[in-house]
1. With just the Cα atoms defining each centre, how far is the range 226-259 from the range 443-495? Give it in Å.
2. When ranked by the protection proxy of mean other Cβ atoms within 10 Å per residue, highest first, what sequence do the peptides 381-388, 583-590, 511-518 form?
3. Please report how far the C-alpha centroid of the range 393-424 lies from that of the range 530-590, rounded to the nearest whole angstrom.
4. For the range 420-569, what percent of Cα pairs sit more than 21 Å apart?
5. Return, for the Cα atoms of the range 603-656, the radius of gyration and Dmax in Å, separated by a comma.
6. As a test of reading the structure, rank 535, 399 by solvent-accessible area (1.4 Å probe, protein chains only), most first.
7. What's the FRET efficiency of residue 33 with residue 305 using the Cβ-Cβ distance as r and R₀ = 51 Å, to the nearest 0.05?
8. Treat each spin label as a single point 7 Å out from the Cα along the C-beta direction, and report the residue 379 to residue 76 distance in nm.
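The values are calculated or read from the model by the stated rules, or taken from the named source; none is laboratory data. Predicted model only: the values in this text are computed from it and were never measured. Heads up, the Cβs are rebuilt from the backbone with ideal geometry, glycines too, and the neighbour counts pull from every protein chain shown. Note: accessible area is taken over every heavy atom of the protein model, side chains too, but ligands, DNA and RNA are not part of it. Shrake-Rupley method; radii C 1.70, N 1.55, O 1.52, S 1.80 Å.
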Amino acid sequence: MDLLRQFKIWVLFICLVFQCGCGFYLPGSYPHKYDTGNTLSVKVNSLTSIDTEMPFSYYSLPFCKPPEGVKDSAENLGELLMGDRIENSPYRFKMYTNETQIFLCKSDPLSADDFKILKKRIDEMYQVNLILDNLPAIRYTKKEGFFLRWTGYPVGIKVQDMYYVFNHLKFTVLVHKYEETNMARVMGTGDAAEAIPTVDRASNVPGYMVVGFEVVPCSVSHNFDSVKNLKIYDKYPSAINCDPTTVEMAVKEGQPMVFTYDVSFVESDIKWPSRWDAYLKMEGAKVHWFSILNSLMVITFLAGIVLVIFLRTVRRDLTRYEEIDKEAQAQMNEELSGWKLVVADVFRAPNNPALLCIMVGDGVQILGMAVVTILFAALGFMSPASRGTLITGMLFFYMVLGIAAGYVAVRLWRTIGCGDSKGWVSVSWRVACFFPGIAFLILTTLNFLLWGSHSTGAIPFSLFVILLLLWFCISVPLTLVGGYLGAKAPHIEYPVRTNQIPREIPAQKYPSWLLVLGAGTLPFGTLFIELFFIMSSIWMGRVYYVFGFLFIVLILLVVVCAEVSLVLTYMHLCVEDWKWWWKSFFASGSVAIYIFLYSINYLVFDLKSLSGPVSATLYIGYSLFMVFAIMLATGTVGFLSSFWFVHYLFSSVKLD
């Protein structure tokens, strides 16, 4: 009976996981019940633009401020790194209470500086981002018979030589009757029927959940004299005609601006777990998904062919050698050819062995972080509904995986040194500082540009201190612990001996590095379609959520990188080139070159509106940071798979 009970509980758990995944449910978040008349507070996020990619504070423009003063909302580390600055706003709603013509404030007369910066923000197409109950404000526009979805609304618009500001907002809040699930009864009885949500009938007046937040911006001309004696949240004395197709509130230096809003509540059939569906829908999604699936199938087919050909070739060579060994052992040395001639040099230490160990260690750390983070995101633990959790999770997993980085780097160092553990502390330190140091240098340089532009994307000095503390108090010690474990672990024994005098490598018909650099085209083919979606989510303000496909693409990328590196390593050994260590690393790591070229192509053809040298510098800087991390991760896959292959290949033969 106990076994049957446990089986029922596990079945129920799996069903709940799938139910949550289909509804984009975020584990750990629960719906907030609002009774009729309860206060709903709207928050504001940073002003953003795809024209500059530099966020600015909402209150950097002369907008209305809340009567209690501007206060920062609770933020996590990921939000700060992404440039989000969530603050309170003067917009106040009452649950299920429609209100119209609500006066917000009259600004001070625009100074020359305010007038200049407001025009600049309008020219640069900055968007205002509002948040209600963790839902961003969404705006619908109709173009050529199609409805387009946008998050936020523009600050204003330029018509001919005049600038107009959107000073009246018409809000629509979609609500759904509150539903609760008694999970205690579910887990207590094992009855799946108990998991059906039920309406809370504890009170006569039902509560409501916010399931949608829409906004229609309008530019309305107000009478300044009629609002002299009005206070915040008073009713505007005359009717306000909100027509989004016309603009009236022209921005003029020395003239104030009046802000008003309407709010209406509409009961919706949308359930709380599905309220993010409107934000996650992508135009032409079926075409994109078909393209991704098509790419995955083609690349899988090509990788399978490469693997089959490769295995058959190696097996044929091993079979021929075994026949030679049996039939004519005395003439073996004369019959040897190809990869068998470099048996005494194949495990000769490479140039800069410490650097190779450091890069492989950092690559293991980055690859492990990517796999775990994407897996958790695919399971729904890092939903777009929770801002900043993806970056926070990446930092956490990266620091924890410092143990794996130190272990792999030191053990490889001892293997290359034939068991000598001397210098393992230095290798561990350099593993802990190599990639983070380069990242710190790039981000600090870009941060100075953001500081100079007064952007909220700049990392505050206090956050710099926190990141340094996390680096040296958590990441470095964990890497040293991993290095210690690697120093204590047995090194990998080579199956053959290495001669003291290196064998001369014959002249090649073509440069071997040319083939190595060209090998990255096949791994690039596995991810270039998915790369478009990732780039769009980063630079075009779109929400990326297909982490399941991304996880599949990542696994396929790892497989293809391993196969490409194996083939290149085997080809080099066949032409008696025993310097395979670094070439196996860059054979798969060269995919980073093509990703960077694709980034430049995306900048030129897809981000045509990106203006200013600062914006272009930020884009290139972040792209370099990204491709360097990808090079370490993919290069590590190629090297480790080639090392395993070479070790297995030469341990399968007996040469004395």
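1. If you average the Cα positions of each part, the centres end up 51 Å apart.
2. 583-590, 381-388, 511-518
3. 22
4. In whole percent, the long-distance tail amounts to 73.
5. Cα only, the range 603-656: 21.0, 66 Å (Rg, Dmax).
6. 399, 535
7. About 0.30, to the nearest 0.05.
8. With each label placed 7 Å out from Cα toward Cβ, I get 1.5 nm.
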